[in-house]
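Colleague: Just passing along the structure, written as structure tokens.
The values are calculated or read from the model by the stated rules, or taken from the named source; none is laboratory data. What you see is a predicted model, and the numbers here were worked out from it, not measured in a lab. Neighbour counts run over all protein chains shown; Cβ positions are idealised from the backbone, glycine included.
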């Protein structure tokens, strides 16, 4: 099921929600959240927003308007995730 | 029993469970005043123990830290697992939140794999009904092979049954331990192969097969222990095997999730809920591919309507008091002073930067609305639904989130594109980000639409924003189709729960954005106002003869195609420094700082509605401000792409301006 969840994320058109994953996997949203947490922990996903660190941002008067809408966490497939999926032929290893 | 283990008749019980399952409530109910609170050895995590008696049996309880699994991926999980593995409690009680059973069953699966004496508590049974779930405890007990006790710990319901079940397990009054959940065949084959690499008589402090599974999961603690136990050659072989099968965790954990889903289906029936929670009902509309977009357009329309119906009257009063009133007072105070000095202060400072400040109430409403929607949890839905919409029209690249920042200012939208990992998608994001209608542009739109369109101001503003977004989508589509052919990147988005707004957070966010605007007005806009004043006053006594007048008249033939005279062209050009400068420049040129001259009234005298709507269209699409261009240069590391952005936006803005003017004239707005 974890590999299937990973394949679903890799194949989703753009952004998918926990609700989408839960529906596709036939589980509750809470379990879908746990699946994603496991994929994050195993290094198949990473927090996409961690990288949005701009040097010298704090001195900008507009820096408070930076940042994602409140409470949003965005997770993205990693190279490791792609590689692992490629082993079962789910996606091409290059993406 | 395990009488020997329990020691002098005391049954040692470990309470395990995920956070927020009511484990501590149960522990408090069981142990009452007999608790001892300290820390786990060498850790800062609280350790709670306590005792109680049931009949002639004494129990010693340990409240383990909350953990979702036995993966030891957090300090809490590490402590909980170490206690179970090393202290060998007589019974482990897994406390589950029955209303979130599916999520909690993963831990039960791992406890069953470990083969510990287990009792499962289904807590919070009182709220399961309201969720449209019906939990069949007997079916669950049959599926798990261990006692299952329904409970409402807050009311003490099920405590007696729990103690009975624990006692029975501890004293071996129930059947032997159930077999662990079956792992997928592929995992079993891997475990068998790995087992063959270990000496048959290898002494381990935990079940051998469980340890092999953990090794395949990449468990650092077990791997470390194994490394110390095995010879270097032995470990090298194991390590090579593990590296070769580093993705085994997908099958192992995936197998557990399959088991969880199956067990859940056996034990739980979903019924139609009488009352679906409000947040869930809202999401059915707000995250729907079509309904969500329509809702977003409606929300935007409501914001604009509020801006104009509440903000514009206040802005006009401020204009009378701050700009016209201050100019009057200044002229009286400086009576006899050189005319140039009075003009500099009245026209350059008050008529320029001061006028821009009168738009603070309108922006306050915009920022307050955005902060409120963000705190409610709506903005995340809006971002989510916009992404889906963009995909429906064939857009590639996950650029919606940085673009979303562009509503406040284009600069963070451009800088925020760093989260887009593919270069082609990132470039697309950067190049279209200046088409987002930033707050600076919205101020200009607010001035013109309120002056020319009265009650229809909100509708015109909304239409302009929609046109910008449509052009943004079109531009991104063209770039992706003909310039970049980037690959897809997929995301999982965690949407925050809806909650009542925290007014302190909302007001702080509003104030921080307003303060940034005020700082901008007091620095860059003031500086440009003074430069514009100087260019409009030298050389010669009339503005038409000034440097600004000459530049403007040189470009007037282009402006005529859009019904704009040289003054409007000059105002547009100064927006290159900051979009709000358009207002400051018009204030200086049209002499807003001169007594009772109202800018809105002045504008209606120097241009017709067709020209006004063309001007708004051009302003919304005109070349990015200098800060945005600097950001584009920095992020693309290319003057070519920076120049391309200026070029395409100039062409689009002028083309749309000319078309808008000509169409508006045909509609009778040319008089």
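Colleague: Just to be sure before I move on: is residue B:87 within 20 Å of residue B:167 (Cβ to Cβ) and either without any contact (Cβ under 8 Å) to a residue 12 or more places away in the chain or surrounded by fewer than 20 Cβ atoms within 10 Å (Cβ to Cβ) (or both) in the structure I sent?
Modeller: Answer is yes for this residue.
Colleague: Could you check, for segment A:84-95, whether at least one of its residues is in contact with a helix residue (DSSP H, G or I) (Cβ under 8 Å, 6 or more places away or on another chain), surrounded by fewer than 22 Cβ atoms within 10 Å (Cβ to Cβ), modelled with pLDDT of 55 or more and more than 7 Å from chain B (Cβ to nearest Cβ)?
Modeller: Checked against the condition, which is being in contact with a helix residue (DSSP H, G or I) (Cβ under 8 Å, 6 or more places away or on another chain), surrounded by fewer than 22 Cβ atoms within 10 Å (Cβ to Cβ), modelled with pLDDT of 55 or more and more than 7 Å from chain B (Cβ to nearest Cβ), segment A:84-95 yields at least one hit.
Colleague: Name the residues in segment B:628-671 that are surrounded by 20 or more Cβ atoms within 10 Å (Cβ to Cβ), under 22 Å from residue B:439 (Cβ atoms) and either within 29 Å of the chain's Cα centre (by Cα) or outside the structural domain of residue B:456 (by TED's automatic domain parsing) (or both), would you?
Modeller: If the condition is that a residue be surrounded by 20 or more Cβ atoms within 10 Å (Cβ to Cβ), under 22 Å from residue B:439 (Cβ atoms) and either within 29 Å of the chain's Cα centre (by Cα) or outside the structural domain of residue B:456 (by TED's automatic domain parsing) (or both), then B:628, B:629, B:631, B:632, B:635, B:645 are the ones that fit.
Colleague: Looking at segment B:221-261 only, could you name the residues that are free of Cβ contacts under 8 Å to residues at least 24 places away in the same chain and within 14 Å of chain A (Cβ to nearest Cβ)?
Modeller: The answer is B:243, B:244, B:247, B:250.
Colleague: Next up: If you go through segment B:468-485 one residue at a time, do you hit one that is within 14 Å of another protein chain (Cβ to nearest Cβ), surrounded by 22 or more Cβ atoms within 10 Å (Cβ to Cβ) and more than 22 Å from residue B:374 (Cβ to Cβ)?
Modeller: Yes; the residues of segment B:468-485 include at least one that is within 14 Å of another protein chain (Cβ to nearest Cβ), surrounded by 22 or more Cβ atoms within 10 Å (Cβ to Cβ) and more than 22 Å from residue B:374 (Cβ to Cβ).
Colleague: Quick one: which strands (runs of 3 or more DSSP E) sit completely within segment B:23-88 and have at least 2 residues that are at pLDDT below 85 and farther than 28 Å from residue B:113 by Cα?
Modeller: Counting at least 2 such residues, we get B:36-39.
Colleague: Go over the candidates A:54, A:27 one by one and state the one that is touching a helix residue (DSSP H, G or I) at 6+ places or on another chain (Cβ under 9 Å), facing chain B (nearest Cβ under 8 Å), in a loop (DSSP other than H, G, I, E, B) and modelled with pLDDT of 80 or more.
Modeller: A:27
Colleague: Residue check: is residue B:199 touching a residue at least 40 places away in the same chain (Cβ under 8 Å) and not in a helix (DSSP H, G or I)?
Modeller: No.
Colleague: Right, here's the next one. Go through segment B:63-76 and report how many residues are within 27 Å of residue B:223 (Cβ to Cβ) and either away from chain A (no Cβ under 14 Å) or surrounded by fewer than 22 Cβ atoms within 10 Å (Cβ to Cβ) (or both).
Modeller: Residues meeting the conditions: 9.
Colleague: Then there's this: With respect to residue B:493, determine if the residue is surrounded by 22 or more Cβ atoms within 10 Å (Cβ to Cβ) and under 21 Å from the mean Cα position of the chain (by Cα).
Modeller: So residue B:493 passes the test.
Colleague: Sticking with this structure for a sec: Kindly evaluate residue B:212 against the criterion of being farther than 30 Å from residue A:21 by Cα, touching a residue at least 12 places away in the same chain (Cβ under 8 Å), out of contact with any strand residue (DSSP E or B) (no Cβ under 6 Å at 6 or more places or on another chain) and crowded, with 21+ Cβ neighbours inside 10 Å.
Modeller: Against the criterion (farther than 30 Å from residue A:21 by Cα, touching a residue at least 12 places away in the same chain (Cβ under 8 Å), out of contact with any strand residue (DSSP E or B) (no Cβ under 6 Å at 6 or more places or on another chain) and crowded, with 21+ Cβ neighbours inside 10 Å), residue B:212 qualifies.
Colleague: Mind checking which residues of segment B:262-299 are at the interface with chain A (Cβ under 10 Å from one of its Cβ atoms), under 21 Å from the mean Cα position of the chain (by Cα) and not in a helix (DSSP H, G or I)?
Modeller: B:287
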